[in-house]
Amino acid sequence: MLPFIRSDLAEFTAYKPHPSSDRAQPVSQTQLDRLDTNESPYDLPVRLKEKLAWTYQQIIETNRYPDGNHGELKSAIAEYVNESAALSPSVFTSANISVANGSDELIRSLLIASCLGEGSVLVANPTFSMYAILAKTLGIPTVEVNRQQNSFEINLQAAQTAIEQTQNPPIRAIFVVHPNSPTANALTPAELAWLRSLPDRILVVIDEAYFEFSQTTVVTELLEHPNWIVLRTFSKAFRLAAMRVGYCVAHPEFITILEKVRLPYNLSSFSMAAALIALQNRQLLLSSIPQILEERAKLLEILSQQPQLQVWDSAANFIYLRLKQDGWQQQDTIKKLNQQLQARGTLVREISGGLRITIGTPQENLRTLNNLQLALANLNS
């Protein structure tokens, strides 16, 4: 190892966005259905791409830096946040918004602002892995508790005990997803009540990456809890995964702190233009959600009838399932099942002892069901 590199980095494994396959490589003679990263199955409509191309050609000056204050985009996001929560247009303003190069950058900024050198972070597994990964790369201690085996609710007793007993350094931030990834369950009343009970010295980060699919938000509670922050993204329902635009909603004082720690010019002019066009055409882009939810219901109904599978309800654009087996046998069989799906051209995410399957187009979902049923039959033969 190079002598000037931190010794603890040797123990880390780099995050691999597409662990099931190199998605740049086509599966030979097989239709490739990419249902492993919770993206929208629908690209931007051609006319919006043309509008974005026109903006690039006629408006964006590539020799000039982008708007480092993100003023126009912040105002548009605040308008959307108020509208989607049925709030007065003046409740949240651009002063409540920070934008970044994907939610990952915001997560990193939040960790720097709250925990770096002074605190630990608490996560409840299984959950989005980047919380712990980013904390560890910053040298921030990570305290991990489990979720309930059947419901995937946070083990609140274990979480509370961790807060009370972790003193060197104390827990300064908690990250939860609403609904959770990979398990797709929304926060319960009990979990929300526990979060409300936490002292103001603890930052509560509620990641609503799948808000447009769940239509459940805690954004209105930010008015009562200045230590809460809501994360959102344009990568899912708004179909802009390639553009890497995330944002957060928080108390203006906290937004001021985030602006101090974020990198300058962190969003390109092209990405900001794409996000603005998406917001301006949100009714069109979000019109695909009812069909995705309808397809989700069909998949849940059919997969729940498979005797080998345990399938959980979903509040997101993906579903989570496991095999009805125990211990190492389940893990080994899940791996084989995933390999068979991949060989047939269906890419899903093998994670936490199960499979996370993104809801795709009707055609993709039909192929997924057929491939999964064939793979299950082969396991039994």
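The values are calculated or read from the model by the stated rules, or taken from the named source; none is laboratory data. On a predicted model such as this, the values are computed, not experimentally measured, just so you know. Here Cβ is always computed from backbone atoms with ideal geometry, including for glycine, and neighbour counts include all displayed protein chains.
A few notes on this one:
- Screening region 46-82 for residues that are assigned to a helix (DSSP H, G or I) and among the β-branched types (Val, Ile, Thr) and picking the one that is surrounded by the fewest Cβ atoms within 10 Å (Cβ to Cβ) gives 46.
- Scanning region 177-190 for residues that are on the phi < 0 side of the Ramachandran plot, in contact (Cβ under 8 Å) with a residue 40 or more places away in the chain and outside any loop (DSSP other than H, G, I, E, B) turns up at least one hit.
- Residue within region 51-67 that is within 22 Å of residue 288 (Cα to Cα) and modelled with pLDDT of 95 or more present: yes
- Test: residue 293 is modelled with pLDDT of 95 or more and assigned by TED's automatic domain parsing to the domain that holds residue 365: yes
- Out of 302, 319, 357, one residue alone is out of contact with any strand residue (DSSP E or B) (no Cβ under 9 Å at 6 or more places or on another chain), β-branched (Val, Ile, Thr) and under 19 Å from residue 184 (Cβ atoms). It is 302.
- A residue that is surrounded by 16 or more Cβ atoms within 10 Å (Cβ to Cβ), within 29 Å of residue 80 (Cβ to Cβ) and touching a Cys at 6+ places or on another chain (Cβ under 7 Å) can be found somewhere in region 103-117.
A quick yes/no check of all residues on (1) polar (S, T, N, Q); (2) modelled with pLDDT of 95 or more; (3) touching a Leu at 6+ places or on another chain (Cβ under 7 Å); (4) within 30 Å of residue 48 (Cα to Cα):
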| position | (1), (2), (3), (4) |
| --- | --- |
| 150 | yes, no, no, no |
| 158 | no, yes, no, no |
| 161 | yes, yes, no, no |
| 168 | yes, no, no, no |
| 207 | no, yes, yes, yes |
| 221 | no, yes, no, no |
| 230 | no, yes, yes, yes |
| 237 | no, yes, yes, yes |
| 241 | no, yes, no, yes |
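- Evaluation of residue 201 against (1) under 22 Å from the mean Cα position of the chain (by Cα); (2) assigned to a loop (DSSP other than H, G, I, E, B) (one fails), failing number: (1)
- Filter pass, residue 150 being under 22 Å from residue 116 (Cα atoms) and either polar (S, T, N, Q) or not assigned by TED's automatic domain parsing to the domain that holds residue 215 (or both): no
- Residue match in region 323-331 (condition: touching a strand residue (DSSP E or B) at 6+ places or on another chain (Cβ under 9 Å), of a type in the set (Gly, Ala, Ser) and surrounded by fewer than 18 Cβ atoms within 10 Å (Cβ to Cβ)): no
- Region 252-265 residues that are under 16 Å from residue 74 (Cβ atoms), paired with ones that are aromatic (Phe, Trp, Tyr) (beta carbon under 9 Å, 6 or more apart): 264/65; 265/65
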